[in-house]
């Protein structure tokens with residue numbers, strides 16, 4: 001089992017890079033850089049991460065395929081691949097439809113748009129493209145002025161079933177979004193790997209990464225309390241932007257009246273009391289390293305290859321838990337290799 005962190009944007013830039021370097025020294029496997037409109041640029045951040053690391057995989061998860069042309073993505077991704085000496089993975093997704101719509105960016109037909117972007121990117125990385133006329137992109141001729149060998153792996157991040165199948169058909173990996181219960185993860189992994197097989201590709205070569213919002217503390221109650229206010233904001237926002245998320249809340253056992261209250265709340269502060277321990281435990285992780293090991297076993301059983309801790313690295317004492325987290329990931333990985341999945 002691999003373990004990584006999301007780049008800690010809430011830290012000052014130099015402090016964030018210092019933490020990344022410490023994570024590499026202590027044995028973490030990867031750093032993932034997230035991009036949203038208004039956030040610091042993902043490719044610039046990934047280049048800085050590549051400069052302060054030597055071993056860890058440098059990954060973007062995700063950039064929207066609709067905010068840049070494939071040629072621009074290829075130029076940026078190719079340079080990070082060179083700077084990292086082949087350690088870069090490119091994650092593509094749609095992004096927030098509402099926010100991108102406010103910026104005048106068309107995200108209609110997202111599955112087709114992602115598929116076309118991946119097709120053009122692969123052609124560029126394989127030596128250039130002589131011409132492409134698609135529904136979203138027109139490229140007359142384009143070739144990188146530098147070699148990119150090997151080309152970066154392309155992963156697709158999604159919460160939707162159609163995009164999950166697309167990832168299995170054409171991508172090197174799937175990124176499972178935060179706020180995804182383990183049962184839903186298992187279903188997504190199965191659908192993606194089935195699509196791999198149907199496309200004549202090996203599911204064993206298809207990598208699945210799960211982003212897990214986490215608070216690592218010595219005390220579970222303290223960890224949950226640390227997560228609760230922020231999760232109220234996230235759940236309030238997602239419920240408005242992703243109508244199907246109400247089904248996720250229902251699937252984890254939330255009462256329909258509480259779901260309606262979240263939909264109708266004027267402010268996220270008004271729903272903090274609705275984010276109880278059961279909701280947090282279903283959608284996030286809160287606890288100590290021993291409990292984290294148990295969660296990793298469940299995630300591995302669901303088909304997850306790599307767990308990325310989201311928000312955890314921004315907690316002030318995160319460094320104190322690094323050795324235990326890495327040890328837990330290695331133990332769980334050893335269980336898989338030995339065929340012993342007992343908890």
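Quick note: the coordinates plus some simple rules give every number you see, no bench work behind them. On a predicted model such as this, the values are computed, not experimentally measured, just so you know. Positions of Cβ are backbone-derived with ideal geometry, glycine not excepted, and every protein chain shown enters the neighbour counts.
Please rank 321, 316, fewest neighbouring Cβ atoms within 10 Å first, as an exposure proxy. Before the final figure, lay out each step's value.
Working: 321 20, 316 7.
Lowest to highest Cβ neighbour count: 316, 321.
Out of every Cα pair in segment 229-277, what percent are spaced more than 13 Å from each other?
Numbers: 574 of 1176 pairs.
Here the tail beyond 13 Å accounts for 49 percent of pairs.
What Kirkwood Rh does segment 175-236 have if only Cα atoms enter the pairwise 1/r average? Answer in Å. Walk me through the numbers before you get to the answer.
On the way: mean 1/r = 0.0720 Å⁻¹.
Averaging 1/r across every pair of different Cα atoms and inverting gives 13.9 Å.
Give me the angle, in degrees from 0 to 90, between the Cα long axis of helix 220-241 and the longest principal axis of the Cα atoms of the chain, rounded to the nearest 10.
50
Rounded if a/c is under 1.5, else prolate if a/b beats b/c, else oblate: with a ≥ b ≥ c from the C-alpha gyration tensor eigenvalues square-rooted, which is segment 166-293?
Working: a/c = 2.80, a/b = 1.57, b/c = 1.78.
Taking the square roots of the gyration eigenvalues as a ≥ b ≥ c, segment 166-293 is oblate.
Taking the Cα atoms of segment 97-161, what is the range of coordinates along each of the three principal axes, in descending order and whole Å?
Largest to smallest, the principal-axis extents are 37, 24, 20 Å.
For the chain, find the longest principal axis of its Cα atoms and tell me its angle to the long axis of helix 13-26, 0 to 90°, nearest 10.
80
Can you compute the radius of gyration and Dmax for segment 62-136, using only the Cα atoms, both in Å?
13.0, 37
Using the 2.2 N^0.38 Å rule of thumb for compact globular proteins, work out how segment 1-46 stacks up: its C-alpha Rg over that value, please.
Values: Rg = 10.9 Å, N = 46, 2.2 N^0.38 = 9.4 Å.
Rounded to two decimals, the normalised Rg is 1.15.
Which value in deg cm²/dmol, rounded to the nearest 500, describes the helix-derived mean residue ellipticity at 222 nm for the chain, given -39,500 (n - 2.57) per DSSP H run of n ≥ 4 and division by the residue count?
That comes out to -15000 deg cm²/dmol.
To the nearest 10 degrees, how steeply does helix 110-125 sit against the main Cα axis of the chain, on a 0 to 90 scale?
For helix 110-125, the angle is close to 50 degrees.
Going by C-beta contacts inside 10 Å, put 97, 58 in order with the fewest on the left. Numbers along the way, then the final one.
Numbers: 97 16, 58 28.
Least to most surrounded, the residues fall as 97, 58.
Beyond 20 Å, what share of the Cα-Cα pairs of segment 53-179 is found? Please give it as a whole percent. Provide the component values of the computation, followed by the final result.
Numbers: 3449 of 8001 pairs.
Cα-Cα pairs in segment 53-179 separated by more than 20 Å: 43 percent.
Over the alpha-carbon set of the chain, divide Rg by the Kirkwood Rh and report the Rg/Rh ratio to two decimals. Intermediate values should be presented prior to the final figure.
Details: Rg = 19.8 Å, Rh = 20.7 Å.
The Rg/Rh ratio comes out at 0.95.
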